[in-house]
Amino acid sequence: MLYPVLSWVGCMTLRHMSIKQKLILTTMLTTCVALLLVTVVFVTYELVTIRRALRHDLVTQAQIIGMNSAAALVFDDRQGATETLETLHARQNVVSAALYTASGAVFATYHRDDISQGSMIPIPQPDGYRFRANSLDLFQKILRDGEPVGTIYLQSDLQAMYDRLKRYGNLGALALLMSMGVGFLLAVRLQRVISLPILHLAQTAKDVSEKRDYTVRAVKYHEDEVGLLIDSFNEMLTQIQERDAALRASNQALTEQQDLLLQELTEAADYVTSLLPPQLTGAVQTTWKFLPSERLGGDAFGYHWLNAEQFAIYLLDVCGHGVGAALLSVAVMDALRSHTLPDTDFCNPAAVLRALNMAFPMEEHGEMFFTMWYGVYNQSTQQIVYANGGHPPPILVTDASPHPKKVIQLKAPGVVIGAMPDLQYVNAYCDIKVRSKLYLFSDGAFEVTRTDGTFLTFTEFVALLARPSLSGMADLERLFQDVQTLHGSQAFDDDLSIVQIILDPNLGRGLC
């Protein structure tokens, strides 16, 4: 559990080191590991050698004592055997010794001066040596004329071995410290050969990144892999510099083209706005509000007298935005104003929508279609006939006291214009008996996002239309103010078009 944690800490530490520190650390670790391995091998070798020497020395002592005490064992001379063992005083490493008879009885013993004379002597064991934690024990048979006459036991301490190993350890530690010191000094000095070019390259890369100056170049120090890296880096800077210059020129040209396009789009938007009809007064009173979005759109509307009795009203909304949508809306408006649709009765809304559907198929106009509502108000019959091509239904609000106010949606079935050929549209009718306000609008008028992220519904928008205006404020001004307040901005994602037409049968007939 601890090893992975330490490894992770070590990796995190290395990540935050400079390359200079990493080179020094790598050199020092390599040196230390190599010296430790050499020290371990050397100490291990010395340990094996010392143990072998101790064993050989103890076997030799046992052979000498055995030969000198064989006669004492045969003739039961305990005094002679004891005197023979006493010669071990000259061997400071021998702790205890004993002579056993052939039957295994203790015959004579010896203990070093610092060992109690009553110390326990082990029972005889088979010939051989045994290393213990602090001693080396040896049992060996004593032979006379090839026959065993007894056994000798010798116990030697390992203090000499430990002292020698301690000296070797101290020498190894001293050599390790000296090697680390020398290695550190060499690493600090020699690492510059590797780290200096890399640090210079890193600083050059940092300067290029911060200042965006691709004219600088890194200095090449050596003809090695780092030098190859610096050459490649400089070549990369050269390519980036060339591409940056080309990109700047391209961006400049693109900016000029965008400015020109913006100017042309502005002129196109102004032209589309100029095509919108003037506001009328009289038996039919008109007013409108048009708020284009940030992009050129496809909203358009119009109205005009078809004859002395009939007044055409229409509003269309091309799907999408851009020049294509605007051009399509202008073309449709021109066809309606100039009456250029072949074999079409412009007093018949359903016939007009059928003719438009045949004249503007979407496959011939960039896959664009449009929605449209077209109606004709007849002053004599006090009736409005209309047809719808997938457009939001206009709202008719009666506005004549003391009659109660009514809100009527002028709905009629029908799909968008240009989507499918041979579509049939139907006329619907609505009587205009009292002064009324007719509102035509595009979907951008009610598909508005509130400040809380929710959308204004069509029902809520109709309620805003029917709400009484404040004193002195025109209906459309109040409506625009309400919608902008809900949206929280004066900029909209889509064109916003609203046309108000006041129809009053009591004002008499209008003029073409």
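The values are calculated or read from the model by the stated rules, or taken from the named source; none is laboratory data. Fair warning: this is a prediction, and the values are worked out from it, not measured in the lab. Positions of Cβ are generated from backbone atoms using ideal geometry, with glycine treated the same way; all protein chains shown enter the neighbour counts. The protein model used for the area step is the full one, side chains on, heavy atoms only, and it has no ligands, DNA or RNA in it. Shrake-Rupley method; radii C 1.70, N 1.55, O 1.52, S 1.80 Å.
Matching residues to (1) free of Cβ contacts under 8 Å to residues at least 60 places away in the same chain; (2) assigned by TED's automatic domain parsing to the domain that holds VAL95; (3) touching a helix residue (DSSP H, G or I) at 6+ places or on another chain (Cβ under 6 Å):
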| position | (1), (2), (3) |
| --- | --- |
| LEU154 | no, yes, yes |
| LEU171 | yes, no, no |
| HIS222 | yes, no, no |
| VAL226 | yes, no, yes |
| LEU229 | yes, no, no |
| ASN234 | yes, no, no |
| LEU237 | yes, no, no |
| LEU247 | yes, no, no |
| LEU254 | yes, no, no |
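For the list (1) part of a helix (DSSP H, G or I); (2) modelled with pLDDT of 80 or more; (3) exposed (fewer than 14 other Cβ atoms within 10 Å of the Cβ), I need the number of the one condition that THR266 fails.
Only one criterion is unmet by THR266, namely (2).
Within the range 451-484, how many residues turn out to be open to solvent by less than 50 Å² (accessible area, probe 1.4 Å), farther than 20 Å from HIS391 by Cβ and outside any helix (DSSP H, G or I)?
Residues meeting the conditions: 2.
For PRO404, which of the numbered conditions (1) open to solvent by less than 20 Å² (accessible area, probe 1.4 Å); (2) within 26 Å of LEU507 (Cα to Cα); (3) in a loop (DSSP other than H, G, I, E, B) fails to hold?
(1)
From the list ALA97, ALA90, ALA133, ALA102, which residue is open to solvent by less than 70 Å² (accessible area, probe 1.4 Å) and among the small types (Gly, Ala, Ser)?
Details: ALA90 fails: open to solvent by less than 70 Å² (accessible area, probe 1.4 Å); ALA133 fails: open to solvent by less than 70 Å² (accessible area, probe 1.4 Å); ALA102 fails: open to solvent by less than 70 Å² (accessible area, probe 1.4 Å).
Of ALA97, ALA90, ALA133, ALA102, the one residue that is open to solvent by less than 70 Å² (accessible area, probe 1.4 Å) and among the small types (Gly, Ala, Ser) is ALA97.
Regarding ALA81, is this residue surrounded by 15 or more Cβ atoms within 10 Å (Cβ to Cβ), assigned by TED's automatic domain parsing to the domain that holds GLY150 and in contact with a strand residue (DSSP E or B) (Cβ under 9 Å, 6 or more places away or on another chain)? Explain how you work it out, then say what you get.
Values: surrounded by 15 or more Cβ atoms within 10 Å (Cβ to Cβ): yes; assigned by TED's automatic domain parsing to the domain that holds GLY150: yes; in contact with a strand residue (DSSP E or B) (Cβ under 9 Å, 6 or more places away or on another chain): yes.
In short, yes.
Consider the range 416-430. How many of its residues are open to solvent by 40 Å² or more (accessible area, probe 1.4 Å) and modelled with pLDDT under 95?
Of the range 416-430, the ones open to solvent by 40 Å² or more (accessible area, probe 1.4 Å) are 420-422, 424, 426-427, 429.
Pick out the ones that are also modelled with pLDDT under 95 and you get 420-422, 424.
Of the residues in the range 416-430, 4 are open to solvent by 40 Å² or more (accessible area, probe 1.4 Å) and modelled with pLDDT under 95.
If ASP334 passes every condition in (1) at pLDDT below 95; (2) part of a loop (DSSP other than H, G, I, E, B); (3) not β-branched (Val, Ile, Thr) but one, which one does it miss?
(2)
Answer yes or no: is there a residue in the range 281-297 that is in a helix (DSSP H, G or I) and touching a residue at least 24 places away in the same chain (Cβ under 8 Å).
Taking every residue of the range 281-297 in turn, none turns out to be in a helix (DSSP H, G or I) and touching a residue at least 24 places away in the same chain (Cβ under 8 Å).
Can you name the residue in the range 49-69 that is open to solvent by 70 Å² or more (accessible area, probe 1.4 Å) and among the hydrophobic types (A, V, I, L, M, F, W, C) and is also nearest to ASP163 (Cα to Cα) among such residues?
Taking the candidates together, the pick is ILE64.
Filter the range 322-345 down to the residues that are in contact (Cβ under 8 Å) with a residue 40 or more places away in the chain and open to solvent by 20 Å² or more (accessible area, probe 1.4 Å) and list them by number. Quick ask: steps written out before the conclusion?
Of the range 322-345, the ones in contact (Cβ under 8 Å) with a residue 40 or more places away in the chain are 323-326, 328-330, 332-333.
VAL323, GLY324, VAL330 - these are the residues of the range 322-345 that are in contact (Cβ under 8 Å) with a residue 40 or more places away in the chain and open to solvent by 20 Å² or more (accessible area, probe 1.4 Å).
Taking only pairs six or more apart or across chains, which ones have beta-carbon atoms under 7 Å, a first residue in the range 258-279 that is in contact (Cβ under 8 Å) with a residue 12 or more places away in the chain, and a second residue that is assigned to a helix (DSSP H, G or I) and surrounded by 11 or more Cβ atoms within 10 Å (Cβ to Cβ)?
Within 7 Å, the pairs are ALA268/VAL323; ALA268/ALA326; VAL272/ALA326; VAL272/VAL330; LEU275/VAL330; LEU275/MET333.
So which of TRP305, TRP288 ends up being open to solvent by 50 Å² or more (accessible area, probe 1.4 Å), assigned by TED's automatic domain parsing to the domain that holds THR371 and in contact with a helix residue (DSSP H, G or I) (Cβ under 8 Å, 6 or more places away or on another chain)? If you could, list the steps in order and put the result at the bottom.
Details: TRP305 fails: in contact with a helix residue (DSSP H, G or I) (Cβ under 8 Å, 6 or more places away or on another chain).
Among TRP305, TRP288, only TRP288 is open to solvent by 50 Å² or more (accessible area, probe 1.4 Å), assigned by TED's automatic domain parsing to the domain that holds THR371 and in contact with a helix residue (DSSP H, G or I) (Cβ under 8 Å, 6 or more places away or on another chain).
Across the range 192-208, which residue is least open to solvent (accessible area, probe 1.4 Å) among those that are at pLDDT 80 or above and either of a type in the set (S, T, N, Q) or not in a helix (DSSP H, G or I) (or both)?
THR204
Looking only at the range 377-393, filter to residues that are open to solvent by 10 Å² or more (accessible area, probe 1.4 Å) and among the small types (Gly, Ala, Ser); which one of those is farthest from VAL416 (Cα to Cα)?
SER380
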